[in-house]
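To start, the structure under review is shown below, and the notes come after it.
The values are calculated or read from the model by the stated rules, or taken from the named source; none is laboratory data. Because the structure is predicted, anything quoted here is derived from the model rather than measured. Glycine gets a Cβ as well: all are built from the backbone with ideal geometry, and neighbour counts include every protein chain shown. These area figures cover heavy atoms from the full protein model, side chains too; ligands, DNA and RNA do not enter into them. Shrake-Rupley method; radii C 1.70, N 1.55, O 1.52, S 1.80 Å.
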Amino acid sequence: MAIACCSLCSIAVVRLEQCLTVVGRYELIPLEDMGGRPRVDCLCNMSGIFRDAFQNVVELLDDLFARAAASDEPDSMNYIRKHARQLRQQGVTTGATARLFSNPAGDYGSMVNERVGAGNWDSSEELGDTWAARNAYSYGKGPERGVARPEVLQTLLGTTERVVQEIDSVEYGLTDIQEYYANTGALVAAAKNARRGKKVGCSIIEAYSKSVEPKELEEVLRLEYRSKLLNPKWAQAMVAQGSGGAYEVSTRMTALLGWGGTVGYKDSFAWDQAADTYVLDPDMAAQLRASNPQAFRNVVGRCLEAAGRGIWQPKQDLLDKLKKMYGEMDDELEGVK
């Protein structure tokens, strides 16, 4: 419910309950009770699962945005109203209050992780465009069930200064699965595109911890990589799991490349230590190669791809060694003697 919580806090509302367990409506808090701060506009990106499972919440939020845009308040204190008026002035007759966007109805995913996984991309701008094309569908009350509104999305992205992502599980963080860079990272890239290269911040809220103070994206990425992928104890325990553990290492190497592609995460220590741990260590490399040769080839291949894309700058002798190892793995998997 991170989408709902962030939206309600930004717009400033209280809930009105029909009974003890059902929220019937969200009511705007009067400006005079808000301590001088304005209502902040929000562009909400919903996963397909949230979109399909919580239609009641989607309708409540859509109703809330519409009423916030219609409230008689100055633009300087109500950015939902301000941006809705600007959209109407640009010729958007319907959907000016649309703020809840997702994939096409019945479809799932941004396709950014598919492009990164296949190596089928050239720039961060291209990945941002892919995200925008896949998430240009508006949801809400009545017939607003996957209506394509790319012009509204692009206008809202152009006013986006910061992306906020909540993490509610200690088990799966930003670096563990492909969906985070494919959505949060690619959303940052899409907003940067719409803002013609202007910086877009990204805050991470770890809702499972005692402190929910927002942290900067790069700070969280560095901490996660040091505590998981680059942690010797984590690496040894994961590789000891055999084929499944090798696969987990492999997917995290792809995610490391994905963060580099979407938000420009290029800490050299991450790639240096990953190569040292999983490729250059003879015992570790032998275990990965024996238990899951496809995963080991992907680990080596992602290192080479990062170097080729300018995300990582290894020394030439290391690059030559990686190329040789990748060629050997290709021959082994293709049955070439």
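Out of all the residues in segment 294-307, is one or more open to solvent by less than 20 Å² (accessible area, probe 1.4 Å), within 20 Å of ALA118 (Cα to Cα) and of a type in the set (S, T, N, Q)? For segment 294-307, residues open to solvent by less than 20 Å² (accessible area, probe 1.4 Å), within 20 Å of ALA118 (Cα to Cα) and of a type in the set (S, T, N, Q): absent.
When each of ALA306, ALA286 is tested for being among the small types (Gly, Ala, Ser), modelled with pLDDT of 95 or more and under 21 Å from PRO232 (Cα atoms), the lone residue that passes is ALA286.
The lone criterion from (1) in contact (Cβ under 8 Å) with a residue 60 or more places away in the chain; (2) within 12 Å of ALA190 (Cα to Cα) left unmet by ARG134 is number (1). Applying the criterion of being more than 27 Å from the chain's Cα centre (by Cα) and surrounded by fewer than 12 Cβ atoms within 10 Å (Cβ to Cβ) to the residues of segment 309-325, the residue that is farthest from VAL263 (Cα to Cα) is LYS324.
Going by what's in this entry, would ALA118 be described as within 20 Å of TRP259 (Cβ to Cβ), open to solvent by less than 10 Å² (accessible area, probe 1.4 Å) and of a type in the set (A, V, I, L, M, F, W, C)? Answer is no for this residue.
Scanning segment 212-249 for residues that are of a type in the set (S, T, N, Q) and more than 23 Å from GLY260 (Cβ to Cβ) turns up GLN236, GLN241, SER243. Going through segment 199-239 one residue at a time, which ones are in a loop (DSSP other than H, G, I, E, B) and more than 24 Å from VAL299 (Cβ to Cβ)? The answer is LYS199, VAL200, ALA207, TYR208, SER209, LYS210, SER211, VAL212, GLU213, PRO214. For the condition farther than 25 Å from GLY48 by Cβ and out of contact with any helix residue (DSSP H, G or I) (no Cβ under 8 Å at 6 or more places or on another chain), LYS198 does not qualify. Based on this model, can you work out whether GLU166 counts as over 23 Å from ASP107 (Cβ atoms), outside any loop (DSSP other than H, G, I, E, B) and out of contact with any Gly (no Cβ under 9 Å at 6 or more places or on another chain)? Yes; evaluated as a whole, the condition is true for this residue.
Remark: TYR247 matches the filter, which requires a residue to be assigned to a helix (DSSP H, G or I) and within 24 Å of the chain's Cα centre (by Cα). The number of residues in segment 137-153 being on the phi > 0 side of the Ramachandran plot and loosely packed, with under 14 Cβ neighbours inside 10 Å comes to 1.
Residue count for segment 13-42, restricted to those that are modelled with pLDDT under 85, β-branched (Val, Ile, Thr) and not in a strand (DSSP E or B): 2. Scanning segment 250-268 turns up no residue that is touching a residue at least 40 places away in the same chain (Cβ under 8 Å) and over 31 Å from the mean Cα position of the chain (by Cα). Taking the listed residues ASP276, ASP272, the one that is in contact (Cβ under 8 Å) with a residue 24 or more places away in the chain and open to solvent by 40 Å² or more (accessible area, probe 1.4 Å) is ASP272, with no other qualifying. For segment 252-264, the condition holds for at least one residue, the condition being that it is assigned to a loop (DSSP other than H, G, I, E, B), under 30 Å from LYS321 (Cα atoms) and either of a type outside the set (A, V, I, L, M) or open to solvent by 10 Å² or more (accessible area, probe 1.4 Å) (or both). Each residue in segment 154-163 was checked for being loosely packed, with under 15 Cβ neighbours inside 10 Å and in a strand (DSSP E or B), and 1 pass. Inside segment 119-153, residues that are over 30 Å from ALA306 (Cα atoms), in a helix (DSSP H, G or I) and among the acidic types (Asp, Glu) make up a count of 1. Scanning segment 73-85 for any residue that is assigned to a loop (DSSP other than H, G, I, E, B) and within 21 Å of VAL188 (Cβ to Cβ) turns up nothing. Among the residues of this structure, SER243 does not count as one that is of a type in the set (Ser, Thr, Tyr) and either buried (at least 18 other Cβ atoms within 10 Å of the Cβ) or modelled with pLDDT under 95 (or both).
When restricted to residues that are assigned to a loop (DSSP other than H, G, I, E, B) and within 29 Å of VAL22 (Cα to Cα), segment 86-118 contains 11.
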